[in-house]
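Below is one structure, written out as structure tokens, with a few remarks after it.
The values are calculated or read from the model by the stated rules, or taken from the named source; none is laboratory data. Everything quoted here is computed from the prediction, not taken from an experiment. As a convention, Cβ positions derive from the backbone with ideal geometry for all residues, glycine included, and neighbour counts pool all protein chains shown. Keep in mind that these areas ignore ligands, DNA and RNA; they rest on the heavy atoms of the full protein, side chains included. Shrake-Rupley method; radii C 1.70, N 1.55, O 1.52, S 1.80 Å.
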Amino acid sequence: GPTSRNSPILDADIVERRTLTLQISGFPGAPPPNPLLLTPFGFYISNRPYTPGRRDQRVVVGTAQEWRVENPTSVAHGFHVHINSFVVASFLSLQTGRALPLAQRYWADTVYLPPFTAVTLRLRSVEWEGTAVAHCHLLQHEEQGMMLAVDFVRNASVVESPPTEGQRQEEEAMG
């Protein structure tokens with residue numbers, strides 16, 4: 001029968017694993033500030049600022065994925081996925097490499113990431129198709145680029161559209 005959105009997501013259910021890194025310029029490994037914004041900071045997910053029209057991730061409807069979301073900064077972030085809730089499976093200290101206490105796994109659509117932590121999320125797309133965003137839930141961070149577009153597709157062979165000329169110029173300006 002159909003799988004409930006809130007049914008357990010087991011190791012065997014996972015078809016893809018990915019890592020997303022929340023970044024602020026000035027921290028190790030982060031790009032410099034975005035020259036297109038009038039701010040001394042740049043806000044990114046995995047070295048890329050949000051660009052309207054670009055698709056950053058793809059989730060095939062009916063499958064389960066595991067996302068490790070890293071916060072290597074001294075600033076806390078709330079990570080939110082539109083349309084699709086997820087299981088908060090574990091937390092890790094990026095400073096010690098040790099697991100952090102989690103009384104039990106739980107369903108959420110937003111998770112708090114303290115400084116220098118990583119969280120493992122499991123999500124299963126059941127029926128919705130289209131494009132949604134995942135982003136830092138701090139408005140200043142989200143609005144200045146700490147967001148990505150996720151395509152929820154039925155067909156795994158759907159490919160990402162090539163970037164527009166404006167998107168290529170923005171990425172070249174970022175270095």
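For segment 98-108, the condition of being touching a Lys or Arg at 6+ places or on another chain (Cβ under 7 Å) and open to solvent by 10 Å² or more (accessible area, probe 1.4 Å) holds for none of the residues.
The condition of being crowded, with 16+ Cβ neighbours inside 10 Å and modelled with pLDDT of 90 or more holds for only one of 44, 50, that being 44. Scanning segment 13-39 for residues that are of a type in the set (Val, Ile, Thr), exposed (fewer than 15 other Cβ atoms within 10 Å of the Cβ) and in contact with a Ser or Thr (Cβ under 8 Å, 6 or more places away or on another chain) returns 15, 19. Please indicate, with yes or no, whether at least one residue in segment 64-74 is among the polar types (S, T, N, Q), open to solvent by less than 30 Å² (accessible area, probe 1.4 Å) and closer than 22 Å to residue 125 by Cα. So far as segment 64-74 goes, yes, one or more of its residues are among the polar types (S, T, N, Q), open to solvent by less than 30 Å² (accessible area, probe 1.4 Å) and closer than 22 Å to residue 125 by Cα. In segment 16-33, is there at least one residue being part of a loop (DSSP other than H, G, I, E, B) and closer than 29 Å to residue 125 by Cβ? So far as segment 16-33 goes, no, none of its residues is part of a loop (DSSP other than H, G, I, E, B) and closer than 29 Å to residue 125 by Cβ.
Scanning segment 127-142 for residues being exposed (fewer than 15 other Cβ atoms within 10 Å of the Cβ) and not in a strand (DSSP E or B) gives a total of 5.
Residues in segment 80-97 that are open to solvent by less than 50 Å² (accessible area, probe 1.4 Å) and polar (S, T, N, Q) were compared, and the one that is modelled with the lowest pLDDT is 84.
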